[in-house]
1. Report whether or not Glu347 is at pLDDT 80 or above and over 20 Å from Met156 (Cα atoms).
2. Being at pLDDT below 90 and either closer than 28 Å to Met199 by Cα or touching a helix residue (DSSP H, G or I) at 6+ places or on another chain (Cβ under 8 Å) (or both) is true for just one of Ser327, Ser359. Which residue is that?
3. If you take just the strands (runs of 3 or more DSSP E) that sit entirely in the stretch 59-108, which of them hold at least 3 residues that are open to solvent by less than 10 Å² (accessible area, probe 1.4 Å), within 30 Å of Ser292 (Cα to Cα) and free of Cβ contacts under 8 Å to residues at least 60 places away in the same chain?
4. Ile134 fails exactly one of the following numbered conditions: (1) among the β-branched types (Val, Ile, Thr); (2) at pLDDT below 90; (3) in contact with a helix residue (DSSP H, G or I) (Cβ under 8 Å, 6 or more places away or on another chain). What is the number of that condition?
5. Can you name every residue in the stretch 181-234 that is exposed (fewer than 15 other Cβ atoms within 10 Å of the Cβ), of a type in the set (Gly, Ala, Ser) and part of a loop (DSSP other than H, G, I, E, B)?
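The values are calculated or read from the model by the stated rules, or taken from the named source; none is laboratory data. These figures come from a predicted structure and were not determined experimentally. Note that we place each Cβ from the backbone using ideal geometry, even for glycine, and neighbour counts take in every protein chain shown. Protein only, heavy atoms only, side chains kept; ligands, DNA and RNA dropped before computing areas. Shrake-Rupley method; radii C 1.70, N 1.55, O 1.52, S 1.80 Å.
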Amino acid sequence: MQEVKEAKQGGGATMQESGSVRLKEKKVKDMMVDRKRLVEVPYTASLAQTMNTLVANKIVAVPVAAPPGQWIGAGGSMIVESDKQTGAVRKHYIGMVTMLDIVAHIAGDDHLSGGDNITQDLDQRMSDPVSSIIGHSFEGLSLWTLNPNTSMLDCMEVFSKGVHRAMVPIDGQEENVAASGVELAESASSYQMVTQMDMLRFLHGRAAELHSILSRSVQDLGADTVQIYAITDRTKLVHAIKCLKAAMLNAVPIVRASDVGEDDHKQLINAKMRNEIEVLQGRCRKLIGTFSATDLRGCHITSLKSWLGISALAFTEEVESSPLYSSESEMQNRGSCRKELVTCYGESALCEVIEKAVSNHVHRVWVVDQEGLLVGVVSLTDVIRVIRHSLLSESKDE
């Protein structure tokens with residue numbers, strides 16, 4: 001009788017409801033199909049070597065491995081790789097290092113002040129061992145694992161709270177046990193990585209099942225954040241790097257500087273910022289670019305030294321057009337045009353935002369008005385949060 005009643009209500013609605021149910025039944029392992037083995041670096045690797053690993057594998061974070069029994073893992077974690085047959089521990093993952101950690105280390109305290117020793121200091125900083133910078137950013141304070149059998153909704157809860165990535169044990173001791181949330185202790189013969197972007201691609205591939213949610217606007221779902229900070233087109237690269245460190249942001253928008261000379265210098269992110277750093281309330285300013293920690297990924301130290309004095313906007317254009325950082329095919333496809341801004345409107349459907357984030361492989365989409373003025377931002381965390389909330393609300397209504 002129930003099936004007949006549902007059929008009378010309309011086949012389209014029933015299909016969406018069943019698709020939503022199927023999605024809730026999915027697990028983390030369903031996102032891990034065809035994933036490669038984990039990329040990692042030893043605790044003795046220098047920051048320069050770590051950056052080479054990041055750029056070679058086109059990733060923005062990497063776990064750090066050390067011999068067992070010598071380190072305490074980030075956040076008290078105990079995530080180890082062990083022999084599948086004997087159970088003997090081979091290595092201990094002591095933390096995760098991201099590009100933001102490296103940027104924070106490069107920025108130092110007064111390190112990038114532009115003095116005579118800037119070249120020597122930068123060389124010294126990049127020769128430091130990667131183990132010395134674990135925990136410089138919020139994400140590096142802990143190292144998490146997600147059981148392959150963790151439900152999709154539980155995984156979404158983790159990612160909706162700002163965790164960007166987690167390690168997933170393969171052939172782990174607890175792999176066949178149902179689990180929820182993240183763990184700080186794990187032993188497995190190997191691991192893979194699952195990220196917020198993996199989640200977004202997974203949801204993007206099931207857009208039809210989520211049509212009732214994804215067809216709603218960013219504004220309607222409350223997926224955008226309106227409190228936003230920016231740098232201007234006059235901000236030098238050296239100061240932009242300091243801004244990322246001070247605010248612990250992976251990226252900031254670049255907006256057009258105001259005509260009033262003093263204006264941008266007065267709107268600081270907090271009292272601790274130095275007066276010469278142009279961090280301002282970016283809302284309702286003309287959006288013209290994005291500066292991200294990942295822009296520095298693969299940037300040769302010799303190039304970085306010469307570029308510290310130019311504007312962050314000019315730097316992003318230099319990196320974008322330089323054959324050192326792009327493949328030949330990418331250069332041919334892109335031509336001489338400035339990198340396209342990834343934006344949406346408050347009225348844009350969430351499916352459009354997801355499509356832009358996935359196709360451009362960006363972790364945030366700037367929200368602008370019809371005049372191109374910056375009014376907000378939608379992050380991957382925001383997207384996952386509102387989709388999970390909507391799925392849970394649907395369950396309560398059933």
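1. On the way: at pLDDT 80 or above: yes; over 20 Å from Met156 (Cα atoms): yes.
Criteria met by Glu347.
2. Values: Ser359 fails: at pLDDT below 90.
Just one listed residue meets the conditions, Ser327.
3. On the way: elements: 61-66, 78-82, 89-98.
The qualifying strands (runs of 3 or more DSSP E) are 89-98.
4. That leaves (2) as the condition not met.
5. Matches in the stretch 181-234: Gly181, Gly205, Ala208, Ser215, Gly222.
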